[in-house]
Amino acid sequence: MALSPLSLNIFLYLLLTFSLAKEISARSEPSSESLAQQEADRVKKLPGQPPVDFKQYAGYVTVNETRGRALFYWFFEATDKPHEKPVLLWLNGGPGCSSIGYGEAEELGPFFPQNGSEPRLKFNPYSWNKAANLLFVESPVGVGFSYTNTSSDLTELGDTMTAKDSYMFLINWFQRFPQFKSHEFFIAGESYAGHYVPQLSELIFEANKKASKEYYINFKGFMIGNAAMDDEADQTGMIDYAWDHAVISDRLYRDIKSKCNFSEQTGSDDCIRALMEYFQVYEIIDMYSLYTPTCIENSTDINITRTRRGPSIQGIAPHFFSKFDGWHRRPAGYDPCSSDYTSQYLNRADVQEALHANVTKVSYPWTRCSLRIRNWQDSPSSMLPTIKKLVAGGLRIWVYSGDTDGRVPVTSTRYALRKLGLPIVEDWTPWYSNRQVGGWTIGYKGLMFATIRGAGHEVPLFAPKQSLQLLLYDITLRGVSVTFSADKISEFLGIAKRESPSYPDWEEEIVDRLILSNSELYKLLTGKEEVQTTCQTSLTVP
């Protein structure tokens, strides 16, 4: 009996929901005070919002009462069985960019603002709250709606303050939502969140060693995508990737390689001139997504494209490249105007009221990337020691990379992971989506690396289905070993035959080829081999 693609999809979904379901530990019941706080933060309905069945909350959590620092959050319960799903915190980088402006509104959240004279939100069918209870936080203060009552805080920001405030946010947020405290907790992010995520993970990891039950976080692991992890690897990889993808000439490549030393934070005049020429190329093509068309402004000069720049922040990693204006260009995504739609929507008074945002009535507008942060006090040149420590600590760690990103390209990520020196458990293996290769994986001891074919810097934007597929794999299947017989397969197929009309199309699609490391099982389930009545097969996920 060979499995059809539809049967395979249903089978895998049932395997997820029936065979690998995790037991949820006893939940903490909210106090009357917590329930009142939750109800105050409850978002009933947003202007232009389509109808949904899940709950959402938004508001402020104080992280430093003395200085008046508070971080703004937006939380979406999972679309199905939120009491059984993990909690996932998403962080965007920059530094200084909003996880709501990018993550929620353009990448992986449920609602995307649309163009029009009236407010309108589009529902994202690949929202990550299909797999988890999804939490977005604007961090640090000065980003988005997050604020401080002490203006000098904005001159003291850096990686350390950002991590400490984010940790205090989590402690206080779980006090407000104690029913989620026992759930498995993960952190994910992209770009400069290659700093934010490991640093916050290390704080939680260390604090949990001595935390009381009240403050213990059930932290399991993290994911980082196209992540800034190591200055030398990141910068070297950018140049090698640009040459290998025919972005720069042989002559410019030789000049940069011979005149620049990326293990240092400064360069010679010759190096700087060569790098200025390198960054000029990205004035006419999209650094964040090499093969995505740019938006051409109304001009007779075909070389003028619409670019979005954030403010130049002094002191951030990578310390050499960040001195160039070209480094501070911000991604625009498929629709170069999408950031305009988001800004227009979130600056509406009725939207802010519905979100319980801007309660202090600040004088400046909401922006995707802060215009108020100009200096960054600390930014380690490498996060690899922290990541290696957390690998040794037993956390589940994923690093993924869209392979058409020129900003933190897959080449940079591979160089950085090579420097970690972890043993390879499973080398360069394809994974599948819609029967096509979705990318490649390398299983290291304690860390999984995955590429996503055709995706740019913001992987959930450019490859929404594949990114959700990876998330489902990471938080549901990874680390589980299951053996099942032909009788068990028949049982699942019997359930599938009875229940298949109840499964929405998206679920059939999302589970359409989870990453299966056991090639024999893959052949079995794709129908390339028939299931024999005596068959005994093992599914082992690294």
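The values are calculated or read from the model by the stated rules, or taken from the named source; none is laboratory data. Small disclaimer: the values here were computed from a predicted structure and weren't measured. Positions of Cβ are generated from backbone atoms using ideal geometry, with glycine treated the same way; all protein chains shown enter the neighbour counts. These accessible areas exclude ligands, DNA and RNA; they are computed on the full protein's heavy atoms, side chains included. Shrake-Rupley method; radii C 1.70, N 1.55, O 1.52, S 1.80 Å.
Which of the residue pairs Lys55/Lys220; Lys220/Lys388; Lys55/Lys209; Lys130/Lys419; Lys81/Lys181; Lys55/Lys445 have a Cα-Cα distance greater than 27 Å in the structure shown?
Correct reply: Lys55/Lys209; Lys130/Lys419; Lys55/Lys445.
At 1.4 Å probe size, what's the solvent-accessible area of Leu200? Round to the nearest 10 Å².
We get 0 Å² for Leu200.
Could you check the spin-label model distance between Gln114 and Asn149? Points 7 Å from the Cα along Cα→Cβ, value in nm.
Label-label distance for Gln114 and Asn149, simple model: 4.2 nm.
Along the Cα-to-C-beta direction of Glu264, a point sits 7 Å from the Cα; which residues of the stretch 364-384 have their amide N less than 20 Å from that point?
Backbone N within reach: 381-382.
Can you tell me how much longer the chain between Asn434 and Phe123 gets when fully stretched, taken as 0.36 nm per residue apart minus their C-alpha distance, in nm with one decimal?
Net length gain for the segment: 109.7 nm.
What are the residues whose amide H is under 5 Å from the amide H of Asp230, where those residues sit 5 or more places off or on another chain and H is modelled from the backbone?
Placed amide hydrogens put Met383 under 5 Å from Asp230.
Of Lys465, Lys361, which has the most accessible area and how do the rest follow, probe 1.4 Å?
Reading off the accessible areas and sorting them downward yields Lys361, Lys465.
On the full set of protein chains, 1.4 Å probe, figure out the accessible area of Thr386 and give it in Å² to the nearest 10.
Thr386 has an accessible surface of roughly 20 Å² with all protein chains in place.
Could you give the size of the charge dipole of the stretch 67-193 about its Cα centre, using +1 on the Cβ of each K and R and -1 on the Cβ of each D and E, expressed in debye and rounded to the nearest 20?
300
Note the full-extension length gain between Gln179 and Gln377 as 0.36 nm times their separation in residues minus their Cα-Cα distance, in nm to one decimal.
Working: separation 198, 0.36 × 198 = 71.28 nm, distance 3.66 nm.
Result for the pair: 67.6 nm of gain on full extension.
Solvent-accessible area of Phe186, probe 1.4 Å, all protein chains present, reported in Å² to the nearest ten, please.
The accessible area of Phe186 comes to roughly 0 Å².
Applying 1/(1 + (r/R0)^6) with R0 = 35 Å to the Cβ-Cβ distance of Ser34 and Thr160, what FRET efficiency is obtained, to the nearest 0.05? Each step should come with its number before you reach the end.
On the way: r = 30 Å, r/R0 = 0.85.
So the FRET efficiency works out to roughly 0.70.
As an exercise, identify the trypsin sites (Lys or Arg not before Pro) in the stretch 212-287 lying in DSSP coil whose Cβ has no more than 16 other Cβ atoms within 10 Å.
Lys213
Each residue of the stretch 278-286 in order: what ³J(HN,Hα) in whole Hz does its phi give by Karplus 6.51 cos²θ - 1.76 cosθ + 1.60, θ = phi - 60°, with x for Gly and Pro?
4, 5, 4, 4, 7, 6, 10, 9, 8
Quickly work out the Thr294-to-Glu84 label distance, labels modelled 7 Å from Cα along the C-beta direction, and quote it in nm with one decimal.
4.9
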